Amino acid sequence: MFYTLPKQLEINNLTVSYPHGTVLQNIFLTIESGKLIGIIGPNGAGKSTLLKTIIEQIKPISGEIFYQGAPLKNQRARIGYVPQRAQVDWDFPINVWDVVMMARLKKIGWFSSYSKKSYECVKAALEKVDMLKYKDRNIRELSGGQQQRVFLARLLAQEADLLLLDEPFTGVDFQTQKIIFSLLKEQIASNKIVIVIHHDLGESIINFDELILLNKKIISHDLTTKILNSKKLSTLFGEHIYAN
Ligand SMILES: Nc1ncnc2c1ncn2[C@@H]1O[C@H](COP(=O)(O)OP(=O)(O)OP(=O)(O)O)[C@@H](O)[C@H]1O
């Protein structure tokens, strides 16, 4: 049997500021493929800022980010990103098929995206999230959970190596949550790096292999079981949390 070496994302001494002040300070992280990674932290902790810095939407004051030992900025096509629901313009007039096809444009460019492979890839991604039957629907005519499924299909169609998701479970029902977790687990099984900002401290947290507790700094990065057995979650959020 072959053993595939894990791939690595490395963040070295990252500091990010907005005009009002520093929101991420001296972040060091090494994240490996093959594990589902959850980022947890209170509102305003800098979680979204961290993902936005990785995708270069925000420029850090200092720090470097590497994928497989080379600067990530030269490997942008490897990154797939699902933004927070609130940041998407759901009124934009575009249908489900085209939203997912846009992932192919990003990956291989305008002309090649109309290949048979791209067509098959988009179809397969929509089938996986059970949204192929809605392919001609405008995205604004979908429910919140259906919109999240379409964005997940777009992520799958991109065939990225590094998958970043900002609160993909917001507003989704239990069935959609199950589908999303199971697809993300498939991705880590094919040696991808998957990082998810997660807000729910209830039972769903045990789906993550590792948790990163963030509050401007890294409070802890460890196996989920270890973090749940420590006092770190309650220290970060106060006593009224459900996980334990
Ligand atoms: N574009 C911006 N310009 C200025 N300040 C910002 C900007 N985006 C975020 N902030 C501020 O930076 C801090 C971190 O925000 P960020 O969205 O990264 O936190 P978060 O942990 O994702 O929060 P939440 O859980 O509420 O989504 C907050 O105080 C926020 O108000």
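Computed from the coordinates by the stated procedures, all read-outs in this text should not be read as laboratory data. It should be emphasised that the depicted structure is a prediction, and the values quoted were computed from it without experimental measurement. For neighbour counting, all protein chains shown are included, and Cβ atoms are generated from backbone atoms with ideal geometry for every residue, glycine included.
Between the amide H of Val23 and those of Val16, Ser17, Tyr18, distances stay under 5 Å, these residues lying 5 or more places away or on another chain, with hydrogens modeled in the peptide plane. As a proxy for reagent exposure, Phe169, Phe92, Phe28, Phe181 were ordered by neighbouring Cβ count within 10 angstrom, fewest first; the result is Phe92, Phe28, Phe181, Phe169. Among the GluC sites (Glu not before Pro) within segment 150-244, those in coil by DSSP and having at most 12 neighbouring Cβ atoms inside 10 Å are Glu239.
Phi-derived couplings, Karplus 6.51 cos²θ - 1.76 cosθ + 1.60 at θ = phi - 60°, listed residue by residue for segment 144-161: x, x, 5, 4, 5, 4, 5, 5, 5, 4, 4, 5, 5, 5, 6, 6, 7, 9 Hz, with x used for Gly and Pro. The alpha carbon centroids of segment 46-98 and segment 144-209 are separated by 15 Å. Percent of Cα pairs in the chain per distance bin of 5 Å, from zero to the largest separation: 1, 6, 13, 17, 19, 17, 13, 8, 4, 1, 0.
Taking Cα atoms only, the orientation of helix 174-189 departs from the longest principal axis of the chain by about 80 degrees. Taking every DSSP helix (H) stretch of at least 4 residues in the chain, weighting each as -39,500 (n - 2.57) and dividing the sum by the residue count yields a mean residue ellipticity at 222 nm of -9000 deg cm²/dmol. Compared with the dominant principal axis of the Cα atoms in the chain, helix 116-128 is inclined by about 60°.
To the nearest ten degrees, helix 96-108 and the longest principal axis of the Cα atoms of the chain are 70 degrees apart.
A straight chain from Asp222 to Ser62 at 0.36 nm per residue would run longer than the Cα-Cα distance by 55.1 nm. Sites listed here are GluC sites (Glu not before Pro) in segment 1-107 whose DSSP assignment is loop and whose Cβ has at most 13 other Cβ atoms within 10 Å: Glu56.
Extending 7 Å from Cα along the Cβ direction at Asn138 and again at Ser234 yields two label points whose distance is 5.1 nm. Per residue, the average separation of C-alpha pairs within less than 8 Å and at least 6 apart gives the chain a relative contact order of 28 percent. Counting only C-alpha contacts under 8 Å and six or more residues apart, can you give the relative contact order of segment 28-160 as a whole percent? It rounds to 28 percent for segment 28-160. Put in order of Cβ neighbour count within 10 Å, fewest first, the listed residues Leu183, Leu105, Leu126 become Leu105, Leu183, Leu126. Among His198, His221, His20, a tally of other beta-carbon atoms within 10 Å of each Cβ gives an order, fewest to most, of His20, His221, His198.
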